[in-house]
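Right, one structure below, let's go through it.
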Amino acid sequence: MREYTDFDGLKKYIPVMSDTEVHRVGLNRLSCGQAAEQGWHYRRKSKKRMRITGYTGTSEEVTIPAEIGGFAVNDIGSLAFAGSSVKSIAVPETVKKLGAGCFANSRLESIVFANGVKDIPERAFADCRCLKQAELPFTLKTIGREAFAGCSALSHIDIPRFCLTVSERAFARTRLSSFTLPVSPHLMDGTAFEDTPLEDNFDIIASRLDNCIRILRLSPSRSCPRIRSPKGTTIVFGRNSIPADISFDLDLRECRYVEIDRHSFGYKRWLAYANILLPQGHRPVRLPEYVTTNRYDKRLFCLRKARVPVIETTLPVAVLNERCIDNLFLRELRLNAVALPDEDDEPMEIFGKICYSLEKVSWVEGGRRYTKYIPDCGLDIEQKRSLLKAFVLKRTDNGCTLFDRSVVDRFFANIPQKDKPKLSLLERTIIALDVLRSDPKEDEDSLDIYTRFLDGKKIKILKKAHNLPEKYAALLQKYYSGEKLS
């Protein structure tokens, strides 16, 4: 087996902290006539403010007017310079807001902002293939999604030191080979550097302060898929810092503290896997279904791979992650206890995509065992998956609950959807019988929609009852004879 590689043996890029200087831009005050003569297009927003909506002048180097006709220009509208041939733009301090795509797909080569703008919006400079220099304002707080994506000439960027958020794919498909880092990079999305020389040339992009390493992007080469962290350090994985197309083993057992959750992983996952060894005593975390850890390997193996029809287990906090039960052979699952981490209130589906054979789920809640039945025949794969989504673990005032019958009710209501045919009469019959023989919970809605269906369609159902599986034909006979279903 291949040996682990220490962090020190990886190619790392650790950017320096930002020391952004204040940029000065002259205040250009124009009358309405002068603005029209120079090719500025604008619109009044209020009694005191003006928005630039376009520019059709001939100059290749322009300064955004600070005033037009006595009104302060504080806004550059969406697509205002999109496709423009202007090569250099200076933005004065009066401008506080930029519209989405305001400079997109233009021939812009450089832009300078005076302090004022707080947000670079979505795709503001997208596909500006000539852009080489962008001097951002000290006041900047947010760089939006794909803000500089496709700026293939951009090789360096100074991110202002108090910029709190750098969103998804902000610098994707650029020539970015270096950048300066804000003081607090905790909201920097790892996909910001996709398809850049930074991602291609380095295994790790991270910031380091004393013994704390904040991983902004982890993309180890195939030559070192097994990585071991430094001893006694704190490792913090940022959002989407682990891409979706790599497989690796990560040994973090020597760390003093690790901060990682499902948001640290890329949202697309195909054939890759990840195995992460966490420190002893590490708090419970929710990770994607393809990630295994030393905290619950054996139990997850049972829940996913064991070739047995019945599994009885406790599902403690350490085991839980999205769709953690995904077993092709499982027919019955008996859970003795379920729980959510104290800090996590988000509902969580527990069944994966291949639980085709599952017929029965029971669990203990509030000292009582509940049993729910799932049709094991008569439904196709997609219909079965839709029903399994009812098993959602979520927090309640009294603890945790594992079942949301409203999911089944909506599915049974048989409302036609795009690319989803309506349920047949016998498919609805099978679902109704399984709901009626399951244990109802106190907070569940009335079962009237199922009894009304079976009673109202009695003649039609009985005509086709010979096509039902033997088990459901017997249940149907019990129902119409007034016996209790079991």
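The values are calculated or read from the model by the stated rules, or taken from the named source; none is laboratory data. Every value quoted in this text rests on a predicted model; they were computed, and no experiment measured them. Heads up, the Cβs are rebuilt from the backbone with ideal geometry, glycines too, and the neighbour counts pull from every protein chain shown.
Worth pointing out:
- Residue list for region 89-110, restricted to those being closer than 23 Å to A72 by Cβ and either touching a Cys at 6+ places or on another chain (Cβ under 7 Å) or not in a loop (DSSP other than H, G, I, E, B) (or both): I89, A90, V91, K97, L98, F103
- Every residue from region 441-459 that is within 18 Å of A413 (Cβ to Cβ) and of a type outside the set (A, V, I, L, M): E444, D445, S446, D448, Y450, T451, R452, F453, D455, G456, K457
- Which listed residue, of A124, A134, is out of contact with any helix residue (DSSP H, G or I) (no Cβ under 7 Å at 6 or more places or on another chain), closer than 15 Å to A170 by Cα, among the hydrophobic types (A, V, I, L, M, F, W, C) and assigned to a strand (DSSP E or B): A134
- The set of residues in region 331-365 being under 29 Å from the mean Cα position of the chain (by Cα), assigned to a loop (DSSP other than H, G, I, E, B) and either of a type outside the set (D, E) or at pLDDT 85 or above (or both) consists of A339, L340, P341, P347, I350, G352, K353, I354, C355, Y356, L358.
- Strands (runs of 3 or more DSSP E) wholly inside region 157-245 that include at least 2 residues being more than 30 Å from R129 (Cβ to Cβ): 204-209, 212-218, 226-228, 234-237
- A residue that is at pLDDT 70 or above and over 16 Å from F265 (Cα atoms) can be found somewhere in region 282-295.
- Of all residues in region 254-270 being in a loop (DSSP other than H, G, I, E, B) and under 19 Å from the mean Cα position of the chain (by Cα), the one that is modelled with the highest pLDDT: I260
- The residues on offer are E483, E427, and the sole one that is out of contact with any Leu (no Cβ under 7 Å at 6 or more places or on another chain) and at negative phi is E483.
- Evaluation of A114 against (1) modelled with pLDDT under 95; (2) closer than 19 Å to I52 by Cα; (3) in contact with a Cys (Cβ under 9 Å, 6 or more places away or on another chain); (4) among the aliphatic types (A, V, I, L, M) (one fails), failing number: (3)
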